[in-house]
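A.B. asks: Got a structure for you, questions after.
The values are calculated or read from the model by the stated rules, or taken from the named source; none is laboratory data. These numbers come from a predicted model, not from an experiment. Note that we place each Cβ from the backbone using ideal geometry, even for glycine, and neighbour counts take in every protein chain shown. Accessible surface is based on the protein model in full, side chains and every heavy atom, while ligands, DNA and RNA are left aside. Shrake-Rupley method; radii C 1.70, N 1.55, O 1.52, S 1.80 Å.
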Amino acid sequence: MPDSDTGAPPRVVLVTAAALAVALAVAVAVFALTQRSADSSADPLPLVPVPAPQSGSPGCTTLLGAVPTELTSNGTPLKVRSLAAPAPPATVAWGTDDPLVLRCGLTRPPELTPTAALRLVNGVQWLQVPGDGASTWYVVDREVYAALTVPDSAGTGPLQQISDTVAAKLPARPLRFS
């Protein structure tokens, strides 16, 4: 029944219509956010190729076949992400916004010298090469060189998890400086 003074619908109808409009707006916003996060994880990650002459080696095959499908960074699970074609060989990535990237079969990093500062993480020797917003950590004491690029915002969990995989799958070898 319309309001006799103004001809407007009753207050109950107006409140119900407003509540439905708000509920619809919230539902559309939630749907858009969930679609965006689902789509961003599905978008293949484009990567530039880098020299990886040993990418087809048995060591890389063994290592990449054993890496976890999920890494934990600052308590957040990061799932394996697909790579855009043409994908660099012997490469895997995790996460969406600031992905972590593992490459295997690389050439010896030029920063690896007899006086380079190395870090031992879970039985694996790493050489850290800082970059802009991320660091690349090179495995330097195995049959193949591998590198894990980690955003500065990531915690130490991914490096520890990859160290565990490297230590379990590839035997340690003396450092090579040439």
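A.B. asks: How much net charge surrounds G131 when only the other residues with a Cβ under 13 Å from the Cβ of G131 are counted, with Lys and Arg +1 and Asp and Glu -1? Kindly include the intermediate steps, with their values, before the conclusion.
C.D. replies: On the way: positive: none; negative: D98, E111, D132, D152.
Surrounding charge for G131 is -4.
A.B. asks: Okay, moving on. Using Cα-Cα distances under 8 Å and only pairs 6 or more residues apart, what relative contact order does the stretch 30-178 have, in percent?
C.D. replies: Computed over the stretch 30-178, the figure is 23 percent.
A.B. asks: Right, next: Take D43 and R176, extend 7 Å from each Cα along the Cα→Cβ direction, and tell me the distance between the two endpoints in nm.
C.D. replies: Here the modelled spin labels are 3.9 nm apart.
A.B. asks: When you count, for each residue, the other Cβ atoms within 10 Å and take the mean per peptide, how do 153-162, 129-138 rank with the highest first? Walk me through the numbers on the way to the answer.
C.D. replies: Details: 153-162: 18.1, 129-138: 15.0.
Answer by packing, highest mean first, reads 153-162, 129-138.
A.B. asks: OK, next. What is the gain in length, in nm to one decimal, between Q160 and T69 on full extension, counting 0.36 nm per residue of separation less the C-alpha to C-alpha distance?
C.D. replies: 31.3 nm
A.B. asks: Right, something else. With all protein chains present, how much of the accessible area of the stretch 100-178 (probe radius 1.4 Å) comes from carbon and sulfur, to the nearest whole percent?
C.D. replies: Numbers: 1880 of 3660 Å².
Whole-percent figure for carbon plus sulfur exposure: 51.
A.B. asks: Same structure again: Among 64-76, 92-104, 109-121, how do they line up by average Cβ neighbours within 10 Å per residue, starting with the highest?
C.D. replies: 92-104, 64-76, 109-121
A.B. asks: What is the extension gain from V50 to K169, computed as 0.36 nm multiplied by their sequence separation minus the C-alpha to C-alpha distance, in nm to one decimal?
C.D. replies: Values: separation 119, 0.36 × 119 = 42.84 nm, distance 2.36 nm.
My answer for the length gained is 40.5 nm.
A.B. asks: Turning to a different aspect of this structure: Set the Förster distance to 22 Å, then compute FRET efficiency between A87 and T115 from the Cβ-Cβ distance, nearest 0.05.
C.D. replies: 0.05
A.B. asks: Using the alpha carbon gyration tensor of the stretch 54-178, what are the three equivalent-ellipsoid semi-axes (square root of 5 times each eigenvalue), largest first, in whole Å?
C.D. replies: 21, 17, 14
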